[in-house]
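The values are calculated or read from the model by the stated rules, or taken from the named source; none is laboratory data. Remember, predicted model here, so these are calculated numbers, not experimental data. All Cβ positions, glycine included, derive from the backbone under ideal geometry; neighbour counts span all protein chains shown.
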Amino acid sequence: MTTNNDHYNEAELLASYFPETANNSELLQQKLTDVQQIEQALQTLMALCGQDDNNPDLDKTPFRVVKAFLEYTSGYREDPTAHLEKVFDIQQNDPIIVKDIEFYSMCEHHFAPFFGVAHVAYLPDQKVTGLSKIARVVEGYARRFQVQERLTNQIADAIDTVLQPKGVMVAIEAKHLCVSSRGAKKEQAQTFTLASRGAYIKDSQLRSEFMTAIK
Ligand SMILES: Nc1nc2c(ncn2[C@@H]2O[C@H](COP(=O)(O)OP(=O)(O)OP(=O)(O)O)[C@@H](O)[C@H]2O)c(=O)[nH]1
Ligand SMILES: [Zn+2]
């Protein structure tokens, strides 16, 4: 099966992820050297793991891995707070809750995926943003090397800083493949993290309304 990505080689890949290399041949050369070194290291890793049967299907695997990692970490090449700059003149005196925002992130300790859903509530003051922008903020911080606690807090801080709401609360439920597929090998274990700002820190009614909504 062919995909839209099949035509990629290293230079095309770098051009698509780092447009600034188009006018900077020195930078392009540096990044090409980086990619080649990573590919060599990945070949060494495969051999260390015991993969030594010269299967030609695996020739492009190091390149595929680099390509996949640039996709997993595309959040580094954007400013997630920028999505929140678009606000609407909507009068809303009660919380806005966006729940079940699915995400994939990458554990910074093991480079194993962790994934699940984020739930976000904010009690607006003057600024109400588009619903999809909340999901875009989650995506922008998830697509990095992360720990779940930082991801939760970054989402809360972005909304708190840009929208300046009366309060914001973020909950994330996630499964970490580093816990389920290796190490402790706990397939069912999930991690639940919370971050609250403003009125959500102390207002138990706001907190319980949010917890009920995301159940
Ligand atoms: N707090 C937190 N810990 C995480 C997250 N993702 C992975 N970890 C943990 O990071 C820890 C790293 O522990 P280490 O002892 O240095 O690494 P390890 O020998 O691979 O540990 P095990 O996973 O227990 O085998 C592990 O306990 C992981 O479960 C996360 O998002 N938040
Ligand atoms: Zn991990």
Any hit, segment 93-108, residues being crowded, with 17+ Cβ neighbours inside 10 Å, aromatic (Phe, Trp, Tyr) and modelled with pLDDT of 95 or more:
yes
Do we have Gln43 as touching a helix residue (DSSP H, G or I) at 6+ places or on another chain (Cβ under 8 Å), more than 30 Å from Asp203 (Cβ to Cβ), outside any loop (DSSP other than H, G, I, E, B) and not aliphatic (A, V, I, L, M) here?
yes
Tell me, please, whether a residue that is of a type in the set (S, T, N, Q) and either touching a strand residue (DSSP E or B) at 6+ places or on another chain (Cβ under 8 Å) or within 24 Å of Tyr104 (Cβ to Cβ) (or both) can be found in segment 57-65.
yes
Looking only at segment 145-167, which residues are within 12 Å of ligand 1 (Cβ to nearest atom) and either in contact (Cβ under 8 Å) with a residue 40 or more places away in the chain or of a type in the set (Asp, Glu) (or both)?
Phe145, Gln146, Val147, Gln148, Glu149, Leu151, Thr152, Asn153
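State whether one or more residues within segment 103-121 are within 16 Å of ligand 2 (Cβ to nearest atom), part of a loop (DSSP other than H, G, I, E, B) and touching a strand residue (DSSP E or B) at 6+ places or on another chain (Cβ under 6 Å).
yes
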Run Asn54 past the list (1) surrounded by 12 or more Cβ atoms within 10 Å (Cβ to Cβ); (2) not in a helix (DSSP H, G or I) and report the number of the one that doesn't hold.
(1)
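Taking segment 24-51 as the search range and keeping residues that are of a type in the set (D, E, K, R) and closer than 16 Å to Leu70 by Cβ, which one is surrounded by the most Cβ atoms within 10 Å (Cβ to Cβ)? Can you show your working first?
Step one: list which residues in segment 24-51 are of a type in the set (D, E, K, R), which gives 26, 31, 34, 39.
From what's left, closer than 16 Å to Leu70 by Cβ: 31, 34, 39.
Details: Lys31: 20, Asp34: 13, Glu39: 18.
So the residue we want is Lys31.
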Filter segment 168-215 for residues that are closer than 15 Å to Ile134 by Cβ, without any contact (Cβ under 8 Å) to a residue 60 or more places away in the chain and away from ligand 1 (no atom under 16 Å from the Cβ) and give the result.
Val168, Met169, Arg197
Selection within segment 176-199 - basic (Lys, Arg) and away from ligand 2 (no atom under 11 Å from the Cβ):
Lys185, Lys186, Arg197
Which condition does Gly130 not pass, out of (1) within 16 Å of ligand 1 (Cβ to nearest atom); (2) surrounded by fewer than 15 Cβ atoms within 10 Å (Cβ to Cβ), if it passes all the others?
(1)
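Out of everything in segment 57-92 that is part of a loop (DSSP other than H, G, I, E, B) and under 27 Å from Phe103 (Cβ atoms), what residue ends up being nearest to the chain's Cα centre (by Cα)?
Our first condition is that a residue be part of a loop (DSSP other than H, G, I, E, B); within segment 57-92, this holds for 59-60, 73, 78-79, 86, 89-92.
Remaining after also requiring under 27 Å from Phe103 (Cβ atoms): 73, 78-79, 86, 90, 92.
Working: Thr73: 7, Glu78: 11, Asp79: 12, Lys86: 21, Ile90: 29, Gln92: 29 Å.
Residue satisfying both the conditions and the ranking: Thr73.
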What residue, among those in segment 145-196 that are of a type in the set (Val, Ile, Thr) and assigned to a helix (DSSP H, G or I), is surrounded by the most Cβ atoms within 10 Å (Cβ to Cβ)?
Ile159
